[in-house]
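Beneath this line is the structure, given in structure tokens, with notes to follow.
Please treat every number below as a calculation from the coordinates, not as lab data. Keep in mind that this is a model prediction, so the values were computed, not measured. Positions of Cβ are backbone-derived with ideal geometry, glycine not excepted, and every protein chain shown enters the neighbour counts.
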Amino acid sequence: MAVRIGILGAGNMAVALGGKWARAGHDVLIGARSAERAEVSAKSIGARAGTFAEAAGHGEAVLSAVGHAATGEVIPPLAELLAGKALLDCSNPMVPGPSGLVLTTDGGPSAARTLADAAPGAHVVKAFHLGAAGVWAGEHANGLGVPLCGDDADALAVAHTLVADVGSVPLAVGGLERAGYLEATAAIVIGMWFADQDPRTMLPAAEHAHG
Ligand SMILES: NC(=O)c1ccc[n+]([C@@H]2O[C@H](COP(=O)([O-])OP(=O)(O)OC[C@H]3O[C@@H](n4cnc5c(N)ncnc54)[C@H](OP(=O)(O)O)[C@@H]3O)[C@@H](O)[C@H]2O)c1
């Protein structure tokens, strides 16, 4: 069934995920602060363009793809429009540090928690943050496990659909209070990719997990 999806932001993740969702038959509207960028990005994937408020109002599900640093500015004015909806958070709040990627949220709430606090009536689900935009846009998303953290069963069900519609496999790994663990996992995994290490080599097959 077609889902109305609003996307906040018109960058790499908006185009990658929005493109897959549009091709799967969903009704996608990309909202951005720049009308021109929203128009160009939306046109490139056969979606519609608008403002942040139009995207938030349009979506039964809304993807926040503006980045953690922009949450405090972009989200609070949309809180009423986002109430009751699944709000997907793909952000990676991290910067390079002296010995690898560092979470900008270290010692404080996760980026997903901050998003939830900025839109108190919305149902936040952490999703899609572990893969690069190029992965979501292409065939390497096929069969990929996508860990999800969220508290609301209906929002998680929508997230499951949207994960399946990029060709991937949803993996529920807990409530929103665990989203910080997923964000920390990304700092390690993405740091390893940058260092030309393969994180997959750390993990035995599940049937051999205990020896
Ligand atoms: N790129 C990846 O491979 C990847 C993978 C996993 C997760 N992520 C996460 O996904 C999120 C989006 O990444 P991206 O690569 O798509 O970013 P991007 O290409 O830089 O796009 C960001 C979008 O957010 C908008 N934006 C940023 N700050 C804003 C502000 N203060 N007010 C209003 N709009 C603002 C930008 O608008 P302007 O064009 O006007 O600046 C742009 O439309 C980030 O949290 C990132 O950590 C990215």
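Here are the numbers:
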| quantity | calculated |
| --- | --- |
| Zero-based 5 Å bins, Cα pair distances in the chain, whole percents | 1, 8, 15, 20, 21, 16, 10, 5, 2, 1, 0, 0 |
| Magnitude of the charge dipole, segment 4-208, Cβ model with Lys/Arg +1 and Asp/Glu -1, debye to 20 | 360 |
| Surrounding net charge for T71, when Lys and Arg each add one and Asp and Glu each subtract one, Cβ distance under 12 Å | -2 |
| Estimated FRET transfer efficiency (E139, A184; beta-carbon r; R0 45 Å; 0.05) | 0.95 |
| Structure-based [θ]222 nm, the chain - -39500 (n - 2.57) summed over DSSP H runs of at least 4, per residue, nearest 500 | -10500 deg cm²/dmol |
| D196 versus A70: modelled label distance in nm, points set 7 Å from Cα along the beta carbon direction | 3.4 |
| Sorted by Cβ neighbour density within 10 Å, fewest at the top, the residues M1, M192, M94 | M1, M192, M94 |
| Counted charge near R33, where neighbours are those whose Cβ lies closer than 14 Å (Asp, Glu -1; Lys, Arg +1) | -3 |
| Residues V102, V146, V124, sorted so that the one with the fewest Cβ neighbours within 10 Å comes first | V102, V146, V124 |
| Sorted by Cβ density within 10 Å, fewest first, the residues K43, K20, K126, K85 | K43, K20, K85, K126 |
| Segment N12-T51, length gained on full extension (0.36 nm per residue, minus Cα span) | 12.3 nm |
| Furthest towards positive pole of dipole, A32, A42, G143, structure part the chain, Cβ charges | A42 |
| Quotient of Cα Rg and 2.2 N^0.38 Å for segment 91-211, N being how many residues it contains | 1.10 |
